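Visitor: Please read through the structure below; I'll follow up with questions.
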Amino acid sequence: MEEVKLEVEVVSTETIKPSTPTPTIHKLFTLSCLDQTSPFKHFPILLFYPNTTHKPIDIVTLKTCLSETLTCFYPLAGRSNSESTISCDDQGIPFIETRVNCNLDDVLNSPRKLEVLSKILPSFQLYMSYGQRPIDEVVHIAIQINVFLCGGVVISCYMLHKILDGASAGVFLNYWAALVRAKSSLLTFSVHEPDFDATIKAFPPIPLININGSGGGGDNEGDKTIASRLAYLKSITVVGKSFVFNNVAVKMIKDKATSNKNLTNPTSFEAITGFIWHHIFAAACTAASVHNSDSGPTELLFSANMRPRMSPPLPKASIGNLIKTVHAWVDTFCDIPKLATAIHEAIAEVNKNLLENLPEKSSMANRGYKFGSYTLTNWCKLGLNEVDFGFGKPNRVIPVGLVHPVMRNFVLMVDHSELSGIDGIEVCLFLEEKEMQILESNSQFRVFASPN
């Protein structure tokens, strides 16, 4: 297939502010202790909408409803003062409209689609995080509406992880979309209201943190470590590819993962994750000419949503980083049932000791490469595939913006649905090039995983 040559023309750029000024009582927002220690970085989300209505997109209504949405999500329209507080001064967020010179399917069918997505995301200059510009100039969200030749649309955005996790992003986007639907069709507006207070009450702020309090100049050992890591990153090639496991494949993999007497009824997440973990570690061992029996330990880190695990459970619309790191590991290469069991036991341990060692400095952020060590983000069941602005639900949700060597050994799971009605799970893998080639040539992997 000929590679798509994506050209994006910016039609307009403006700042969207809350429709109603934030009351004085809410002008200073103090983050929960979980958010205080969350990374000051942005994460991308891209929602793909095919042209099913054959009507032009109503940009005016999108902007009007975004403004009304920011009134309820007022901290997102402000600027951070520090790691701990936000000035809710209604500065607003960037909103960009573009035209793209190809059809939506040209991007979705491209074998290198994960490598071109950055072209339809908001400009890096708009969302640069702390370190590239003063903290009080960092926007919390940037949104871009990309309209393709076929009339298809991609709504892409960057969101600040300091304030939002994946579930929070789903609440924000569904709130905005519900307003658009209500305004466009005169329907009654019905959606979960954002709840900032529940998070703060459950996890009160700790004494204010000075963002410059750690890390000064003159650390020669640290400089050497950074230089060594940069040299390593330049020496490897990481590729990103996505695979779909339809519902039939998911059921078959669950059956494979059930053959361990310690795990008689694995969840889809436990089974699919165990399957993926097994095969990517096998590929790594083969690429490194390491026999499976000599592999040494392997580990998998991922996040658990704390909302339903709390007692009593927190509201689904609680805003913030209500996640806890789960650490699963085994001491050597093993089969899928044992890996699925290790994942199950790690989740059970977190459920048992949910509130211990909080707040935690995210052990999933800024992790250097280590053989056999993997990081996974699970975006399934967060409502992102339900975000309907009145022109249907997205047929693809991709929370990836750039393939970079630092993403080596990263796994991303999202809900997958097709117009045919066949659903499943999409898994995006970021592996060293040789490891990816070995994985794709593995018939035991390909029989369940369809390249997407």
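The values are calculated or read from the model by the stated rules, or taken from the named source; none is laboratory data. What you are looking at is a predicted structure, and each value in this text was computed from that prediction instead of being measured. Note that we place each Cβ from the backbone using ideal geometry, even for glycine, and neighbour counts take in every protein chain shown. Keep in mind that these areas ignore ligands, DNA and RNA; they rest on the heavy atoms of the full protein, side chains included. Shrake-Rupley method; radii C 1.70, N 1.55, O 1.52, S 1.80 Å.
Visitor: Filter the range 407-441 for residues that are surrounded by fewer than 16 Cβ atoms within 10 Å (Cβ to Cβ) and within 25 Å of THR237 (Cα to Cα) and give the result.
Guide: Of the residues in the range 407-441, the ones surrounded by fewer than 16 Cβ atoms within 10 Å (Cβ to Cβ) are 418-423, 433, 437, 441.
Matches in the range 407-441: GLU433, GLN437, SER441.
Visitor: Among ARG408, ARG396, which is the only one that is within 22 Å of ASN246 (Cβ to Cβ), of a type in the set (Lys, Arg) and within 21 Å of the chain's Cα centre (by Cα)?
Guide: Working: ARG408 fails: within 22 Å of ASN246 (Cβ to Cβ).
Every option except ARG396 fails the conditions.
Every residue, every condition in (1) open to solvent by less than 40 Å² (accessible area, probe 1.4 Å); (2) closer than 30 Å to TYR175 by Cα; (3) modelled with pLDDT under 95; (4) of a type in the set (Val, Ile, Thr), yes or no:
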| site | (1), (2), (3), (4) |
| --- | --- |
| GLY296 | yes, no, yes, no |
| LEU300 | yes, no, no, no |
| ASN305 | no, yes, no, no |
| PRO313 | no, yes, no, no |
| ILE343 | yes, no, no, yes |
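Visitor: Sort out which residues of the range 62-78 are open to solvent by less than 20 Å² (accessible area, probe 1.4 Å) and either out of contact with any Pro (no Cβ under 8 Å at 6 or more places or on another chain) or of a type in the set (D, E, K, R) (or both), and write them in order of number.
Guide: Matches in the range 62-78: LEU62, CYS65, LEU66, THR69, PRO75, LEU76, GLY78.
Visitor: Take the range 234-273 and flag every residue that is more than 20 Å from ASN378 (Cβ to Cβ) and among the hydroxyl-bearing types (Ser, Thr, Tyr).
Guide: Answer for the range 234-273, where residues must be more than 20 Å from ASN378 (Cβ to Cβ) and among the hydroxyl-bearing types (Ser, Thr, Tyr): SER235, THR237, THR258, SER259, THR264.
Visitor: Just name the residue that is farthest from the chain's Cα centre (by Cα) out of those in the range 29-56 that are under 28 Å from LYS324 (Cα atoms) and either of a type in the set (A, V, I, L, M) or open to solvent by 70 Å² or more (accessible area, probe 1.4 Å) (or both). Quick ask: steps written out before the conclusion?
Guide: Our first condition is that a residue be under 28 Å from LYS324 (Cα atoms); within the range 29-56, this holds for 29-47.
If we keep only those that are either of a type in the set (A, V, I, L, M) or open to solvent by 70 Å² or more (accessible area, probe 1.4 Å) (or both) too, we end up with 31, 34, 41, 45-47.
Numbers: LEU31: 21, LEU34: 18, LYS41: 12, ILE45: 7, LEU46: 10, LEU47: 12 Å.
Here the residue is LEU31.
Visitor: Those residues that are part of a strand (DSSP E or B) and open to solvent by less than 90 Å² (accessible area, probe 1.4 Å), I need them from the range 14-28; list them, please. Reasoning before the result, please.
Guide: Within the range 14-28, the subset part of a strand (DSSP E or B) is 14-16, 28.
Scanning the range 14-28 gives GLU14, THR15, ILE16.
Visitor: I've got another one for you. Is it true that some residue in the range 346-363 is in contact with a helix residue (DSSP H, G or I) (Cβ under 6 Å, 6 or more places away or on another chain), over 26 Å from ILE163 (Cα atoms) and open to solvent by less than 50 Å² (accessible area, probe 1.4 Å)?
Guide: No; the residues of the range 346-363 include none that is in contact with a helix residue (DSSP H, G or I) (Cβ under 6 Å, 6 or more places away or on another chain), over 26 Å from ILE163 (Cα atoms) and open to solvent by less than 50 Å² (accessible area, probe 1.4 Å).
Visitor: Of everything in the range 196-225, what is at pLDDT 50 or above and within 28 Å of GLY401 (Cβ to Cβ)? Give them in sequence order.
Guide: Within the range 196-225, PHE196, THR199, THR225 meet the criteria.
Visitor: Answer yes or no: is there a residue in the range 154-175 that is at positive phi, at pLDDT 90 or above and out of contact with any Cys (no Cβ under 8 Å at 6 or more places or on another chain).
Guide: Checked the range 154-175: no residue is at positive phi, at pLDDT 90 or above and out of contact with any Cys (no Cβ under 8 Å at 6 or more places or on another chain).
Visitor: Within the set of pairs 6+ apart or on separate chains, which have a first residue in the range 105-130 that is open to solvent by 60 Å² or more (accessible area, probe 1.4 Å), a second that is at pLDDT 80 or above, and C-beta atoms under 7 Å apart?
Guide: Short answer, once both residue conditions are applied: GLU115/GLY240; LYS119/LEU6; LYS119/VAL8; TYR130/PHE40; TYR130/VAL138.
The rows are residues; the columns are (1) touching a Ser or Thr at 6+ places or on another chain (Cβ under 9 Å); (2) within 30 Å of ASN109 (Cβ to Cβ); (3) in a helix (DSSP H, G or I).
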position	(1), (2), (3)
VAL239	no, yes, no
PHE245	yes, yes, no
VAL248	no, yes, yes
PRO266	yes, no, no
HIS278	no, yes, yes
SER289	no, no, no
PHE333	yes, no, no
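Visitor: Restricting to the range 160-202, give me the number of residues that are aromatic (Phe, Trp, Tyr) and not in a loop (DSSP other than H, G, I, E, B).
Guide: Counting residues in the range 160-202 that are aromatic (Phe, Trp, Tyr) and not in a loop (DSSP other than H, G, I, E, B) gives 3.
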